[in-house]
Amino acid sequence: MNFDAAREIMVDSQIRPNDVTDAPIVSAFLRTPREVFVPNSRKSVAYSELEIATSPERSLWIPRDTAKLVKLAAIKSSDIVLVIGAGAGYEAALISHLSETVIALEETTALVDAMAARFAALDLDRAVAVDGKIAAGLPDQAPFDAIYVCGMVEYVPDAWTDQLAEGGRLVAVVMDREGLGRGTVFTKSGDTVAARDAFDACPPKFAQFDFKQSFVF
């Protein structure tokens, strides 16, 4: 299979038509081999309009949703970025082409080691894989100019927004009570964090960030 051709087709058919035409972002998608981040059995559909499970509770989103959330983050070349629940590391790899440094946070040594190996094989020296509890973020290395969340959530923990720098942005798909997801950017200004919805999406969830169900008679 010609993955380079498939990558160009993905960009031309799934990313540019969905209002993601910024040259740096398009270039990042063209430079990042999505097939490297999916299981061998799924490589043939790596560039299809599909969600692809990469490990238990981790998935690659459809390219359109990833591209729109990356755009919403408004990442600059001087930014330090945290990717939460980085999974196989695809989003961190993309962001490494846009930022100064990207830190990919995951909870297991196996996922972190696999990400580190992929980053090294692709010569992504601006991407670093680290392990820790994703609910806690990475307070020891905060503040961050941008935080990218790799799973849909029902709520955004204060621990994450507390780790934003002044003017920093956190982007996530947030699900409402009706089960609909919205790509949302949270921007920090002083002691205030303001949220703005931008697009509809319903990618795989991070179930640990569901609201607790209350008991009713």
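The values are calculated or read from the model by the stated rules, or taken from the named source; none is laboratory data. Because the structure is a prediction, the values reported are computed rather than measured. Ligands, DNA and RNA are stripped out before the accessible areas are found, and what is left, the full protein with its side chains, is counted by its heavy atoms. Shrake-Rupley method; radii C 1.70, N 1.55, O 1.52, S 1.80 Å.
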Length added when fully stretched, residue 5-residue 44, from 0.36 nm per residue minus Cα-Cα: 12.8 nm
- line: CD proxy, 222 nm, the chain: helix-only mean residue ellipticity via -39,500 (n - 2.57) per DSSP H run with n ≥ 4, per residue, nearest 500, stands at -6500 deg cm²/dmol
statement: With the 8 Å Cα cutoff and a minimum separation of six or more residues, the chain has a relative contact order in percent of 15
query: How much area per residue is accessible in the stretch 24-68 when the probe is 1.4 Å and only protein heavy atoms are counted (Å²)?
result: 43
message: Considering only protein heavy atoms and a probe of 1.4 Å, how much of the accessible area of the chain is carbon and sulfur, as a whole percent?
response: 51
statement: Too long for a 21 Å Cα-Cα cut-off, among 68/133; 76/188; 43/133; 71/188, are 68/133; 43/133
- prompt: residue 144's amide H: which non-local residues (gap 5+, or another chain) put their own amide H closer than 5 Å, with H modeled 1.01 Å from N in plane and none for Pro or chain starts?
  reply: 164, 165
statement: By the Cα gyration tensor axes a ≥ b ≥ c (a/c under 1.5 gives rounded; else a/b larger than b/c gives prolate, otherwise oblate), the shape of the chain is rounded
- request: Collect residues whose amide H, placed 1.01 Å from N in the peptide plane, falls under 5 Å from the amide H of residue 205; neighbours closer than 5 in sequence don't count.
  value: 152
message: Out of all DSSP beta bridges in the chain, what portion is antiparallel? Express it as a percent rounded to 5.
response: 45
